[in-house]
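Throughout, read-outs are computed from the coordinates displayed, never taken from laboratory work. Keep in mind the model is a prediction, meaning the values are calculated, not measured. Backbone-built Cβ (ideal geometry, glycine too); neighbour counts: all protein chains shown.
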Amino acid sequence: VLSSEDRQLIQATWTKLGPHMDKIGGEALTRLFCTFPQTKTYFPHFDLSPNSKDVQHHGQKVVKALDSAIKHLDNIRGTLADLSDLHAYNLRVDPVNFKLLAKCFHVVLASHLGGEFNASIYLAYDKLFHCVADVLSEKYR
Ligand code: HEM
């Protein structure tokens with residue numbers, strides 16, 4: 001559960017990432033496909049070369065979803081309901097992959113926030129990614 005301190009840290013750092021918002025999703029996905037190549041099997045129809053147009057464009061969609069979750073931290077479940085159906089019923093993404101993507105986002109966040117990225121911020125985003133992954137994979141149960 002996100003504490004009020006976690007929420008403040010997420011919202012403050014997310015705002016700071018503003019100028020990089022268009023590229024952090026693509027960077028996280030590029031890391032995902034490079035570090036965990038098995039994740040590429042979900043995207044056979046994409047050009048998965050690093051930072052390709054497909055990867056960047058998809059990254060922007062993912063970040064947009066995270067952005068709406070961050071704007072509605074009290075109602076992540078409702079905010080991502082459609083995506084939950086999509087990932088469970090249509091895409092059938094194995095939930096383990098959400099953990100892998102979260103790892104990649106942590107590295108990208110750290111790379112943009114620099115020295116500001118500390119243990120408390122890591123913890124706050126870790127909880128956020130857990131909440132998002134829970135929502136996106138709960139329809140499996
Ligand atoms: C599609 C968000 C994790 C596989 C999408 C879309 C969004 C999204 C917004 C586009 C939906 C649309 O076009 O209507 C997220 C978020 C994630 C996440 C917020 C976790 C933080 C994952 C993971 C995988 C995955 C871990 C698999 C490794 C896919 C696939 C599509 C998709 C295959 C369809 C791509 C296409 O054909 O356009 N996701 N996703 N997602 N996602 Fe996720």
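Restricting D54, D47 to those that are surrounded by 11 or more Cβ atoms within 10 Å (Cβ to Cβ) and more than 16 Å from the chain's Cα centre (by Cα) reduces the list to D54. Whenever a residue of the range 84-95 is closer than 11 Å to D134 by Cα, its partners that are near the ligand (Cβ under 10 Å from one of its atoms), lying with C-beta atoms within less than 6 angstrom and at least six residues away or across chains, give the pairs S84/V135; S84/L136; P95/S137. Checked against (1) within 16 Å of A65 (Cβ to Cβ); (2) outside any helix (DSSP H, G or I); (3) out of contact with any helix residue (DSSP H, G or I) (no Cβ under 8 Å at 6 or more places or on another chain), R92 passes all but a single condition, namely (1).
Please work out which residue is farthest from the ligand (Cβ to nearest atom), limiting yourself to the range 68-83 and to residues that are in contact (Cβ under 8 Å) with a residue 24 or more places away in the chain and under 20 Å from M21 (Cβ atoms). Step by step, filter the range 68-83, then rank; the result is L73.
Could you pull out the residue among A65, A110 that is surrounded by 13 or more Cβ atoms within 10 Å (Cβ to Cβ), under 21 Å from M21 (Cα atoms) and within 11 Å of the ligand (Cβ to nearest atom)?
Values: A110 fails: within 11 Å of the ligand (Cβ to nearest atom).
Sole residue among the options that is surrounded by 13 or more Cβ atoms within 10 Å (Cβ to Cβ), under 21 Å from M21 (Cα atoms) and within 11 Å of the ligand (Cβ to nearest atom): A65.
If you go through the range 12-26 and keep only what is away from the ligand (no atom under 14 Å from the Cβ) and in contact with a Gly (Cβ under 9 Å, 6 or more places away or on another chain), you end up with D22, K23.
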